[in-house]
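Beneath this line is the structure, given in structure tokens, with notes to follow.
The values are calculated or read from the model by the stated rules, or taken from the named source; none is laboratory data. As the structure is a computational prediction, the values presented were derived from the model and not from experiment. Note that each Cβ is placed from the backbone with ideal geometry, even for glycine, and that neighbours are counted across all protein chains shown.
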């Protein structure tokens, strides 16, 4: 046999089936491009040299493996469309005398061509666009831009090795299917599954139950940490339920339409509904895949956009003032006016070195406890019982605040009786009218405060935080210290003094002041006095890097998932077009016009087209409460902003989805109407 015979057959096979292969190869090119870009960014020395750049690269490294795993799964999935379309051709080769070994050689050369074209073009485009992506990411995280173009050899090597491995595995899978098939089965492969599936009510009801359970989890979770724990479980449940309901529910839906004689026996409905009924198992799986991918895109874009847009709010939530200091003493008695006055003197002396002064000061004494609150009783010994606090929504941080400090901060003159309290919770509500600690101190809740300048640290906690303003602070804290701080020397209640202020100075001066304050406190404060210092200026880069890289990764992954959804939609239309071509040819012989074909296609689109989009919207709506909880882990509590980004994301995705379906439906029309011949 002549040299080049098999490569020639492989090229001819790809060209003859270009409607199937061109989108597949373009998708492979896109996947290679995205893989290189995200790997390049995760290894970029420019990003790594930025302040807190290692955090950005850690987040991007996660994206590297997400895209790698998804690319492998998705390319296997889409290749199944190609091999199914080619089985009839291979069966014909087999009958004409070509053995399965020879067919395997054709598949081998096809895989070589696909891999070479995808890797060369994909890496070329990825290298060309990598600098643009790097500039976009640096701009998002407010870094210093560099215009030096470079090629990352480790990224090229990793991407090439990854996709070479994927193409080898796909080839092995194709050879396995060809080897197990006989010639007649290959010839009849395109007509497999022509018997309409039966409606599986049990399967559908089970899917509805699983979906309802997932929705209940999403809307009932209150604790952000619990939301993080249950989120992935709920996602798996939603994916499984979506497939179950689309596969079984779509069959039931077609049966209902067929029984509706007024609807079914019309020229624009008859062919479309009968065609769908024969292939609803595969059709339902395809629609479910589109729905899941659409939901993933919407969740990622809406949440990451909300985080990125709300990064300034998040920064100010964690750092309500430019400089935040917190001091802890051995007990409430030692956190006296003399110690507090000494601390203020140190701060003023350090600021005076740069002719600065503390502005917009927030200061108050507080006592801190942590425990499980059940029926209004604070259990501080939960850690000894072996219980996992992350699994309980009853875990609270409690701050006791002197009424005198509150009145001074807020400019009020509130008076309270002994053992009474006013409470404030930044997130959530306190469901009880009392708070009892260690069976010794009971605080009566007399009202809820509308606002209070809480510590930045308290706003970063992922568990509920309760602030209780009490009139008899010193007496209450001393009583609790006697009861609680006797357990092996552990301080179950701690007395703090919080002092936060702004400075009229640029970031570099503020960072310098932070270092000077650290040194001054080490030199001047008693060794028994603990302290912590945090500066907005020194942590700003970390915030910008984290939120910018998350948004960038959300965009990259959304593009990858959109690639996948578009290809599934396209292959769905093309494969169904070839399956329906014979039916429409018969219908045209008995009088169906091109106009009738177009009406039938529009009917089919309107029947099934909106299902994935509507279901994705429903998934997103029920996931919204859980997304709200998750973004609070990043100190973003702007619900209105999340609603806005969610609505905009859904609207834009719906427009794109409509456009893609309109374009791909034209490809379906060209096949079934004979407007364009050839494969």
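Hey, does the stretch 94-103 have a residue that's surrounded by 15 or more Cβ atoms within 10 Å (Cβ to Cβ), outside the structural domain of residue 60 (by TED's automatic domain parsing) and at pLDDT below 70?
Within the stretch 94-103, the first condition is being surrounded by 15 or more Cβ atoms within 10 Å (Cβ to Cβ), and the residues that meet it are 94, 98, 100, 102-103.
Adding the requirement that they be outside the structural domain of residue 60 (by TED's automatic domain parsing) leaves none.
Within the stretch 94-103 (the criterion being surrounded by 15 or more Cβ atoms within 10 Å (Cβ to Cβ), outside the structural domain of residue 60 (by TED's automatic domain parsing) and at pLDDT below 70), the answer is no, since none of the residues qualifies.
All but one of (1) outside any helix (DSSP H, G or I); (2) assigned by TED's automatic domain parsing to the domain that holds residue 545 hold for residue 332; state the number of the condition that does not hold.
Failing condition for residue 332: (2).
Determine if the stretch 382-403 includes at least one residue that is part of a helix (DSSP H, G or I), assigned by TED's automatic domain parsing to the domain that holds residue 520 and modelled with pLDDT of 90 or more.
Restricting attention to the stretch 382-403, the residues satisfying the condition of being part of a helix (DSSP H, G or I) are 389-391, 403.
Okay, now just the ones that are also assigned by TED's automatic domain parsing to the domain that holds residue 520, so 389-391, 403.
When the remaining residues are screened for being modelled with pLDDT of 90 or more, the result is 403.
Yes: the stretch 382-403 contains one or more residues that are part of a helix (DSSP H, G or I), assigned by TED's automatic domain parsing to the domain that holds residue 520 and modelled with pLDDT of 90 or more.
Does residue 233 satisfy the condition of being at pLDDT 85 or above and outside any helix (DSSP H, G or I)?
Judged against the criteria, residue 233 is not a match.
Yes/no matrix, rows are residues, columns are (1) within 33 Å of the chain's Cα centre (by Cα); (2) at pLDDT 90 or above; (3) exposed (fewer than 15 other Cβ atoms within 10 Å of the Cβ):
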residue	(1), (2), (3)
46	yes, no, no
51	yes, no, no
73	yes, no, yes
114	yes, yes, no
123	yes, yes, no
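Filter the stretch 13-33 for residues that are within 14 Å of residue 567 (Cα to Cα) and free of Cβ contacts under 8 Å to residues at least 12 places away in the same chain and give the result.
22, 26
Select from the stretch 522-546 the residues that are farther than 26 Å from residue 342 by Cβ and touching a helix residue (DSSP H, G or I) at 6+ places or on another chain (Cβ under 8 Å) and write down the one among them that is surrounded by the most Cβ atoms within 10 Å (Cβ to Cβ).
Out of the qualifying residues, it is 545.
Can you tell me how many residues within the stretch 621-638 are within 20 Å of residue 546 (Cα to Cα) and either part of a loop (DSSP other than H, G, I, E, B) or free of Cβ contacts under 8 Å to residues at least 12 places away in the same chain (or both)?
Step one: filter the stretch 621-638 for residues within 20 Å of residue 546 (Cα to Cα), giving 627-638.
Next, only the ones that are either part of a loop (DSSP other than H, G, I, E, B) or free of Cβ contacts under 8 Å to residues at least 12 places away in the same chain (or both) stay: 635-638.
Number of matching residues: 4.
Would you mind stating whether residue 274 is within 30 Å of residue 669 (Cβ to Cβ), in a helix (DSSP H, G or I) and either assigned by TED's automatic domain parsing to the domain that holds residue 649 or modelled with pLDDT of 85 or more (or both)?
Answer is yes for this residue.
So which residues in the stretch 334-356 are in contact (Cβ under 8 Å) with a residue 12 or more places away in the chain and either buried (at least 19 other Cβ atoms within 10 Å of the Cβ) or in contact with a helix residue (DSSP H, G or I) (Cβ under 9 Å, 6 or more places away or on another chain) (or both), if there are any at all?
Selection gives 335, 342, 343, 346, 347, 349, 350, 351, 353, 354, 356.
Looking at the structure I just gave you, is residue 40 over 19 Å from the mean Cα position of the chain (by Cα), at pLDDT 85 or above and in a helix (DSSP H, G or I)?
Values: over 19 Å from the mean Cα position of the chain (by Cα): yes; at pLDDT 85 or above: yes; in a helix (DSSP H, G or I): yes.
Yes.
Within the stretch 461-491, take every residue that is within 42 Å of the chain's Cα centre (by Cα) and surrounded by fewer than 16 Cβ atoms within 10 Å (Cβ to Cβ) and give me the one that is modelled with the highest pLDDT.
Here the answer is 491.
Can you pull out the residues in the stretch 125-143 that are crowded, with 17+ Cβ neighbours inside 10 Å and part of a loop (DSSP other than H, G, I, E, B)?
141, 143
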